[in-house]
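The values are calculated or read from the model by the stated rules, or taken from the named source; none is laboratory data. The structure displayed is predicted, hence computed values, not measured ones. Neighbour counts run over all protein chains shown; Cβ positions are idealised from the backbone, glycine included. Heads up: the accessible areas ignore ligands, DNA and RNA and are worked out on the full protein's heavy atoms, side chains in. Shrake-Rupley method; radii C 1.70, N 1.55, O 1.52, S 1.80 Å.
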Amino acid sequence: MSALDWPGLLRAGLGGLGLRPEEFWRLTPAELVLMLGDPRAVAPLNRARLDELARAWPDKAKDG
């Protein structure tokens, strides 16, 4: 089992998220990850990425 960075998690929860200590300690690990955002998650599609995809995969007009 890997060690958790409790000081870092507390800073993120109390400082970054503005939670009170009792709110932080009542969270499940899944809830905390959801609130902090999973760093491995795929970033949402932004306009620049949409434009890039549109250039790479342009719509083709239907023949006929």
TODO: Only one of these is open to solvent by less than 80 Å² (accessible area, probe 1.4 Å), more than 19 Å from the chain's Cα centre (by Cα), of a type outside the set (S, T, N, Q) and at pLDDT 90 or above: Ala54, Ala12, Ala48. Name it.
DONE: Ala54
TODO: Give me a count of the residues in segment 28-54 that are of a type in the set (D, E, K, R) and under 24 Å from Leu4 (Cα atoms).
DONE: 3
Task: Selection from segment 1-22 of residues that are of a type outside the set (Lys, Arg) and in contact with a Leu (Cβ under 9 Å, 6 or more places away or on another chain) - done: Leu9, Ala12, Gly13, Gly16, Leu17, Leu19, Pro21
